[in-house]
Structures are given as C-alpha cells and as structure tokens.
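This report refers to the structure that appears directly beneath it.
The values are calculated or read from the model by the stated rules, or taken from the named source; none is laboratory data. On a predicted model such as this, the values are computed, not experimentally measured, just so you know. Neighbour counts run over all protein chains shown; Cβ positions are idealised from the backbone, glycine included. Side chains included, ligands, DNA and RNA excluded: accessible areas come from the protein's heavy atoms. Shrake-Rupley method; radii C 1.70, N 1.55, O 1.52, S 1.80 Å.
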Amino acid sequence: MPLPAWMMPLTEDRQRPMAKRDGRVVCIVDDDASLRRSLRNLLMSLGFRVETFASAEAFLESVHPDGVGCMVLDVRMAGMSGVDLLRHLAATGSPVPAIMLTAHTDDETRRRSLEAGAVAFLEKPVRSDALLAAVRTALSSA
Amino acid sequence: MLGVPFRPAVATGGGPLQRRVAQSAVARYGVAVVSVAVMVVLGLLLRPIVLAAGQLLLLAVLVTGWISGLRPALLAWGLATAAFAYHFTLPLDSVKVDPDQVPRLMIFALVAGFMATMSAARRRAEDLLRSARDELEARVRERTTELGESERRYRHIFDSTGVSIWEEDLSRVKQALDHLQARGVHDVGDYLAGHPEFVEHVIALVKIVDVNDASVALFEAGSKEELVVSLLRIFVPETRAAFRKAMTSLAEGRPFFQGESVVQTLKGQRLTVLFTVTFPRPPASFESVLVTVTDITDRKRAEYLTGHVFETSPDAVYIVGRDYRYQRVNAAFERRWRLPAQRIVGMRVDELAGTEPFEATYKPHLDRCFAGEEASFVGWFPTPAGRQYLAATYSPLRPDSQRVEAALAITRDLTDHARAAEALQQAQAELAHMTRVTTLGEMTASIAHEVNQPLAAIVADANASLNWLASATPDLDRVREALAAIVKDGHRAANVIQRIRQLVTRTVPQKARLDVNDVIRDVVPLIATEVRSHEVSLRLDLAVAVPPVVADRVQLQQVLINLVMNGMEAMTSIADRPRELVIRSRPHEGGQVLLAVEDAGVGIDPSSVSRLFTAFFTTKRDGMGMGLSISRSIIEAHGGRLWATSNARHGATFQFALPALR
C-alpha cells in the first residue's frame, strides 16, 4: 500500500539543500519536547539551520546574532501562546515570518494567527512537503 | 399392756424386791435361810397352841421359790424339812422321828418339794412374761418416737416446702364415683364430660383438710382458714377440665394423676399450674390425699413466647443435631424449602440444601458451632424458590451439659436487599461510566491533542529519517536516534489511547490493591492538555510512602479527573494571581490515605456549600451537575469520604480519604 503523499520524502529538496543557499536560522517554539526534537530533525534533514525553544518566553530571552529567518510556532502553549508571541513581536517592531502549527484547525485561531502576521497555518501531524514549502515562503518573505 | 407406763427393760425381769434379790447369790440363798428361820420362830411360838403351825414352813419354801428361784427354793425345802423333822415331829425338838410320824414328815417333804418347784416355775414364767412385756413396751415406745419424728418431718416438709400442697379428704368423692360405677357407668370421663352438674356435686364433696404456707402465699390468701373453705374459690372454667381428668384417674384406679391447668388466686389472679395427685391404694383410706400445685405461669409464658417467636418469625429458624439432621424447623423454613416440617425433620442438611453448599458452607460453619463457637455467614444459596441471598447465624445449643448438642440456626432471606444493592451498584457503575464518557467528551479536544502530539513527532522523525537515508552518505546514528524516538512516541500515543479506552469501556468495578500516587501519575497525561489550555500550572505534591488502598483504578481516576477539572474551571476567571493547581497525596489519620486537589480559584460559595455534592447541582453553564455527586458515591462505595474546604487565602480544596490496606 503506497504511503500517503504527506509521508513521502522530498527527493527534489534533498538534491538542492536550502542551507547551502540560506544561512538564516529557523526557530522552533513548542512546549512539547518530542515535537520540538522531531521538527528539528525534519528541518535539519532538509538542510536548514535550526534552533528550538520550549516556550515563547524562552525565545524572547534568547539572542540571535545572525537574525531569525523564520519561526515554526505551536499555537497553544503553556504561558505565552504562539499568537501572543507573534503579536508581541509585531508590536515591538521586530516581526518574524511565522508558520503556525496546531492540533486541529479552528477558524477563529487561523484568522487571529493570519492577522498577527503568520505566513502559513499547518495542522499536526505536519506534511513534510507542506512544511518545506511554508518554510521556503517564510524565508523568502523575510 | 400398752397402757403400762414405761420402765427400762431388764433381762431378768421381776418386781422391785425380786430385782434387788436377784442381784446376788448370797441374797438369794439368804432369803431361803431367813424365811425358814422366821417360819421356825413363828411355828415355835404357835406350837403350844397347835402342832400344825409347823406347816408355816411351807410358806418359807413358797416365798423363797417366788423370790429367789429354784435353787434357793430347794435349799429352803431342805432346811424346812429338817426344821419340820426337828421341831414339829414327835418327839419334839429331837432329831429322832417316831415311826408313826414318818408318813407325816414325808407328806410335808413332798408338799414342800412340790411347792418349791411350782413356786420357782411360776416365778420363771412370770419373769419371762415380764421381760417379754418390757421388750414389747420398749419397741412400742421406740416406734412411737419414730412415728413422732416422722410426723414432725412430714409437717416440716408440708409447711416449709415451696410447693403448694393440699391435703384433701376424697373419701366422699370416692364413694360417689364408686356409686356411679355401681350404677353401670363404665366410662367415667365421658360421663363427667356430659354431666357438669355432677362435676359440681363432686367438687363440693372434696373436703380440704389442710393447706401449707406455700399454698397460702401462692393463692394470695390471708390465712389457711380462708383457703380451706372450698375449692370453688380457686376454680375457673378451665380448672374443671383438669378436675374431671383427675376424677377419671381416680375412678379408673390409677395411682397418680398429673395435669396442667389454670386456677385463680383469691384475688382473681390467673395462674397456670401443674397438678399432681397421688391416690392411696385401696383399701387404704381416701381421707388424706395429697395434691401438689406448682406455679408454672412464668415458664408457660416463656414457652409461649419462645414458641410464638419460633413459629411466627419471618426468619427461617431451625435446629440441626450433631448428625447434621434437622430436629425442628419453623414455618418460614417450610416456606423456603416448600416442604412440610414433618418431611424435613430427620433429613440431613445435604439432602435438603444440596451436597455442594453443604460441604462448602453449611458443614464448616455447623462444625464450628458444634465446637462451641457462634458462626455466621452470608451468601447465595440454591433453594426451590430460586437462588436466595441468605444471612445465617448458628448458635450452640447445650440443653443439659457442656457439650453442644445441636445448633440453633437463624437465617434471614436478604435476596431482595442483595438484588436492590446489586441493582444500585450496577446503576451507580453505569452512571459513573456515563459521566466518565461525558467528561471525556468534554475533553475530546485535549485528548485528541494528547494523541496528536506524539503522532506528529513520529511523522516528522520518520520523514527526517527518510531524508537522511536518501543522502549519498547517510548519517545512520541520527537515523537510529530518530527511530528510537519514534518508538517512544508511538508508545506514548498508545498509552493515552489505552487509558481512554479503560475509562470508556469498563463498567463493572474491579477493586485491586493500588498506590494512589500511581493513580495520580496515570491521570496527569490525560489532563495535561486541559491544564495547558486553561493556562494552569499543575504541581504534584506526593508523599514518598503512602500505604496502599483497595479500590477500582478507573473510578479513582474518574474522581481525580473530576476534581482537577472542577479546580481548573474554578480558576478560569482568575487573572490577578497564578492559576496553580496542586494534587497532593498524604497518609491520613485513622489509617487512611488522603488525596487532595487544591486550586486557587473563586472558592466555594457559602450558599451552595450544602448542595455541592447533590446530583444536578452545577454552577457551570453547560455542566450536568453529576461530577461531584458521582465522585462522592464512588468514594463512599470504597468506604471513604469526599469533602471540600475553603483555602485560607484563595480557592478551595477538594479531598477524599480512603481506608488504607493494613
């Protein structure tokens, strides 16, 4: 039985790793350790430089000398939520293009995320090609 | 003879003089000498007037024989004959005897000898007679003393015994009954039953001779005289039946009658009594017949009560002997087994109740009872009326000795209660299940998230691995790490699903030994997402060593989830302080284990505190109001207690205590 499309590897991208063309960091902010680690693996296997943060607060406290290329953000987190972080960055004049991840899509959250400046809104488990496309879009929009 | 005053018996007998003489041989022979001498002197004085005065010597022989017996009489005879020959035979005062005087001397000697033996014989006969008389007198005296003693003893028994005794003269009654029989009446009992007027007549013929003190007391009489007037004063209609039976016994010549009846005291108090009459054996007189009356009122009352309780008890009551056979069963027992008592009595317990229940339950408990212990048990047992839930108690019965002779069993049919309890338990379990499903329904989003997280991680890791493997020089270490993470996340997802399935599928409670800390740890993954989405920080404060409890794991999880959800909801509107929820475990007073959920929410509204645990009470817009009510039922079904208190600063603490397993 063939695997669903979202589970298939991206052979095209393996031949053209992004990291060689773009040195900017992709930041993952998620309070779930497993998800943080696996997303980091996926993005690294696609050739991106990755940094992970367990909370929005941890991200805000960190220093980024090379600048942040884009963010992969969990919508719902203990403490400051993903949407709150986006708003905060927009409000402080340093917006970062973000890809929002959520367990299930509800229109209200999607609307609020896009309003706060999100580039993409993806549902977990995230499709590999969709994530790659979204990261590329985010990086190019930065 | 009987009229003679008593004198002590002496073997030799005789009058006072004789008795004194009899005491020594000297005296006895002295009488011979003295009497002969006196008669010689008297004869000599009279000799000048008449020569025949010598015949007075015969008197000496006679007196000696009478007083001293044969031998002294013979001495007197010798002396008298010699004196007669000397003084009163011619020639006078000479040892010589004229030949013509010899016949006279010989006649004297013969007469004197005859008188000596006759007198002595008479004397001996008189002695024997006297001794016989004395002996008889002594015996009569002795017997009289004995009779007196016996009479005294009898009087003492009669008067001092605690039993009422009536001495009655039934001689006229006996005559009347004899007369009846002489007229051709054979069945006296039948006749008496048909002729009440004759019975009244016979009652009137009874003469009460005497009653003892116990009778006076028993019949509440002021004195004996008051009581001996008439039997009618103590008779009630029931007494006449017993009287008729006693009279029938008498007419039929039976030696004894015993019967129970009712009498009344002179003050009208009814008494249940036991009569016994001992009839004399004809031809003895019926003038003094003893009737005893024993008051058995209390005993009868006790017997009645016991019998009444035994027969009318709604509980099955029965007695089983050491041979495991039924000795007595009551009506409730008959109804249970749908057999009459006469069929059951004599059956072995296993024949009636079945071999398997007998060996497994009845026999071990009966054996304990026969060993002297009280034994109780409950359980489901097969009966003709279907399976019954019976609670039984066996008590040892020791009628006479220390040895247990039988077991008294009281069994109560608790089938309806047991069914109701089972139904209630079932309903509670179903309700608990329903509320669990409802709660889980409310938590669907969180639970989906909880499953989705590891799945998302698995997919990302798998994709990463595929990417790495596809490169010219695959980094196998990274791939291996990612695969290990995939396995871990797969288990994590499966775990959550399994817990949810447990909560949803099982309805029959299964109690097992549990550590409450494990229960708390089980629940945490299920509520983690809810905790996050409520922006609550959850803190576990678990005691290092808590004693185990016996409980249904799923139901305890349900209670804990309920309390946690309540706590979190109480904090939804809180913005001015941290929304902290603490789950705490502690050993508790009285050998219990405490589990508490402390929130920092709005606290308990004093006006609703009394309704907090009632079903359908809720402060939530979309709540059913079942959570706390069900939770409390669950905890109480575990022998524990669930309650709520307000915290010192903010919020409330909901806690439950369960008995710890020792």
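Figures for the structure shown
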{"read-out": "Positions within segment B:441-484 being in contact with a helix residue (DSSP H, G or I) (Cβ under 8 Å, 6 or more places away or on another chain) and under 18 Å from A:V72 (Cα atoms), in sequence order", "value": "B:H449, B:Q453, B:P454, B:L455, B:A456, B:A457, B:I458, B:V459, B:A460, B:D461, B:N463, B:A464"}
{"read-out": "Residue check for A:S62: more than 14 Å from chain B (Cβ to nearest Cβ), in contact with a Gly (Cβ under 9 Å, 6 or more places away or on another chain), free of Cβ contacts under 8 Å to residues at least 40 places away in the same chain and open to solvent by less than 60 Å² (accessible area, probe 1.4 Å)", "value": "no"}
{"read-out": "Condition check for B:A176: out of contact with any Phe, Trp or Tyr (no Cβ under 8 Å at 6 or more places or on another chain) and open to solvent by less than 50 Å² (accessible area, probe 1.4 Å)", "value": "yes"}
{"read-out": "Selected residue (only one of B:A423, B:A409, B:A429, B:A392 is part of a helix (DSSP H, G or I), crowded, with 17+ Cβ neighbours inside 10 Å, over 13 Å from the mean Cα position of the chain (by Cα) and hydrophobic (A, V, I, L, M, F, W, C))", "value": "B:A429"}
{"read-out": "Hey, A:L86 open to solvent by 20 Å² or more (accessible area, probe 1.4 Å) and part of a helix (DSSP H, G or I) or not", "value": "no"}
{"read-out": "Single match in B:R513, B:R501 (criterion: part of a strand (DSSP E or B) and open to solvent by 70 Å² or more (accessible area, probe 1.4 Å))", "value": "B:R513"}
{"read-out": "Any chance A:R36 is within 14 Å of chain B (Cβ to nearest Cβ), open to solvent by 30 Å² or more (accessible area, probe 1.4 Å) and under 25 Å from A:D129 (Cα atoms)", "value": "yes"}
{"read-out": "Among (1) within 23 Å of B:V289 (Cβ to Cβ); (2) hydrophobic (A, V, I, L, M, F, W, C); (3) in a helix (DSSP H, G or I) - the single one B:I165 does not satisfy", "value": "(3)"}
{"read-out": "Subset tally (residues that are surrounded by 13 or more Cβ atoms within 10 Å (Cβ to Cβ) and over 15 Å from B:A83 (Cβ atoms)) for segment B:100-114", "value": "1"}
{"read-out": "Sole exception among (1) assigned by TED's automatic domain parsing to the domain that holds B:D210; (2) touching a residue at least 24 places away in the same chain (Cβ under 8 Å) for B:A284, by number", "value": "(2)"}
{"read-out": "One residue from B:E197, B:E168 being of a type in the set (D, E, K, R) and either modelled with pLDDT under 90 or over 19 Å from B:F279 (Cα atoms) (or both)", "value": "B:E197"}
{"read-out": "Single residue of segment B:465-499 satisfying the filter (touching a residue at least 12 places away in the same chain (Cβ under 8 Å), within 9 Å of another protein chain (Cβ to nearest Cβ) and aliphatic (A, V, I, L, M)) that is nearest to A:N41 (Cα to Cα)", "value": "B:A482"}
{"read-out": "Search result, residues across segment A:102-142 that are part of a strand (DSSP E or B) and open to solvent by 70 Å² or more (accessible area, probe 1.4 Å)", "value": "A:E123"}
{"read-out": "Matching residues, segment B:547-577, being of a type in the set (A, V, I, L, M, F, W, C) and open to solvent by 20 Å² or more (accessible area, probe 1.4 Å)", "value": "B:V550, B:A570, B:A575"}
{"read-out": "Residue within segment B:321-337 that is in contact (Cβ under 8 Å) with a residue 24 or more places away in the chain and under 30 Å from B:E252 (Cβ atoms) present", "value": "no"}
{"read-out": "Options B:A302, B:A242, B:A332: the member that is in a helix (DSSP H, G or I), hydrophobic (A, V, I, L, M, F, W, C) and in contact with a Gly (Cβ under 6 Å, 6 or more places away or on another chain)", "value": "B:A242"}
{"read-out": "Neighbours by Cβ (under 8 Å, 6+ apart or cross-chain): first from segment A:117-128, within 15 Å of B:V451 (Cβ to Cβ); second open to solvent by 20 Å² or more (accessible area, probe 1.4 Å) and of a type in the set (A, V, I, L, M)", "value": "A:K124/B:L455; A:P125/B:L455; A:P125/B:I458"}
{"read-out": "Residues satisfying the stated conditions in segment B:446-461, i.e. within 7 Å of chain A (Cβ to nearest Cβ) and open to solvent by 20 Å² or more (accessible area, probe 1.4 Å)", "value": "B:A448, B:N452, B:L455"}
{"read-out": "Test: residue in segment B:432-440 that is more than 7 Å from every other protein chain (Cβ to nearest Cβ), touching a Leu at 6+ places or on another chain (Cβ under 7 Å) and touching a residue at least 40 places away in the same chain (Cβ under 8 Å)", "value": "yes"}
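Residue by residue, here is whether (1) closer than 13 Å to B:L408 by Cβ; (2) acidic (D, E) holds:
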residue: B:H308; (1), (2): no, no
residue: B:E311; (1), (2): no, yes
residue: B:V317; (1), (2): yes, no
residue: B:R328; (1), (2): yes, no
residue: B:F358; (1), (2): no, no
residue: B:F381; (1), (2): no, no
